[in-house]
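Read-outs: derived from the displayed coordinates by stated rules, not from any lab. Just so it is clear, the model here is predicted, and its values are computed rather than measured. Neighbour counts are summed over all protein chains in view; Cβ atoms, including those assigned to glycine, are modelled from backbone coordinates with ideal geometry.
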Amino acid sequence: MSDKRKIVLASRNPGKVREIQAILGQAGVKVIGLDAIDPHRTIPEPPEAAETFARNARAKATYYAGATRTWALADDSGLEVDALGGAPGTRSARYAAEQCRPGAGRDEIDAANNRKLLRELEGVGEEHRGARFVCHLAMSDGRSILLEASGVVQGRIARRPAGSNGFGYDPLFFLPELGCTTAELPPERKNQISHRGRATREFARRLAELLKRQ
């Protein structure tokens, strides 16, 4: 496999790496997370200061492509809740950061984020609990953005968590048409309908076209 078909995913989140590799792997592309090439965390994290998922994804992809000297794929995704004016939005991963101890792991942070979200929605009726997961993917060679793709899935916020699959806000993201949360879906079914799955499939299609031209 050529270097151009090895892509660094700009994330240390094992859930994201698994989900994206499950789709891009079928296209013959090897996706590796940051921990695989930078286990000692010598590459500092860039700030995520943009107000849109697209701008954050582009900035991260360009930064990590330069740092790793290979193609880098960045995912910026999050939850937008109608009753909260679109929050937590681009702050989804660190929504309750101030409530977590320094060095807290992903599971601890996810749990704190979910608790905060439920507190913010206390007393909010079902008709106002609409929400959506948004994902934007961007890939860079360090000089320019080579590819982009987006995905969205609509749902609402449940009143209590359910399910042990997935990560992040999955236990609270209820899909009315399926009658369950995304954390109650098996991984392969979740990938079929999730925001990240939709964005990744579109990205895979565009990536195949790009590789044919190389």
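Observations, loosely collected:
- For the chain, calculated [θ]222 nm from helices alone, where every DSSP H run of n ≥ 4 adds -39500 (n - 2.57): -10500 deg cm²/dmol
- Summing Cβ point charges (Lys, Arg +1; Asp, Glu -1) relative to the Cα centre of the chain gives a dipole of roughly 680 debye.
- Dimensions of the chain along the principal axes, based on C-alpha atoms and rounded to the nearest Å, stand at 54, 37, 27, largest first.
- Leading residue at positive end of dipole, the chain (Cβ point charges), from ILE7, LEU121, SER92: ILE7
- Per-residue 3J(HN,Hα) values for segment 144-150, derived from phi via the Karplus relation 6.51 cos²θ - 1.76 cosθ + 1.60 with θ = phi - 60°, read 8, 7, 8, 8, 9, 7, 10 Hz in sequence order (x marks Gly and Pro).
- Look at the alpha carbon pairs under 8 Å that are at least 6 residues apart: their mean separation over the length of the chain gives a relative contact order of 20 percent.
- P(r) tail for segment 83-153: Cα pairs beyond 16 Å make up 61% of the total.
- Peptide ranges 185-195, 167-177, 100-110 listed from the most packed, as the mean C-beta count within 10 angstrom indicates: 167-177, 185-195, 100-110
- Hydrophobic, long helices, defined as DSSP H runs whose alpha-carbon span along the helix axis is 20 Å or greater and whose mean Kyte-Doolittle value is at least -0.5, occur in the chain at 53-68.
- Dipole axis of the chain (+1 Lys, Arg; -1 Asp, Glu on Cβ), positive-most option in PRO44, VAL17, LEU210: LEU210
- Extension gain, VAL152 back to GLU188 (0.36 nm per residue minus Cα-Cα distance, nm): 11.2 nm
- Restricting the calculation to Cα atoms, every distinct pair contributes to the Kirkwood radius of segment 1-86, found to be 13.8 Å.
- Here's the picture: charge each Lys and Arg Cβ at +1 and each Asp and Glu Cβ at -1 in the chain, and of VAL153, VAL31, ALA183 the one pushed furthest to the positive end of that dipole is VAL31.
- DSSP beta bridges confined to segment 1-138 are antiparallel in about 60 percent of cases.
- Neighbour-count order for ILE32, ILE20, fewest beta carbons within 10 angstrom listed first: ILE32, ILE20
- Amide H contacts of VAL153: PHE133, HIS195, each under 5 Å away and 5 or more positions distant or on a separate chain (H built 1.01 Å from N in the peptide plane; Pro and chain starts excluded).
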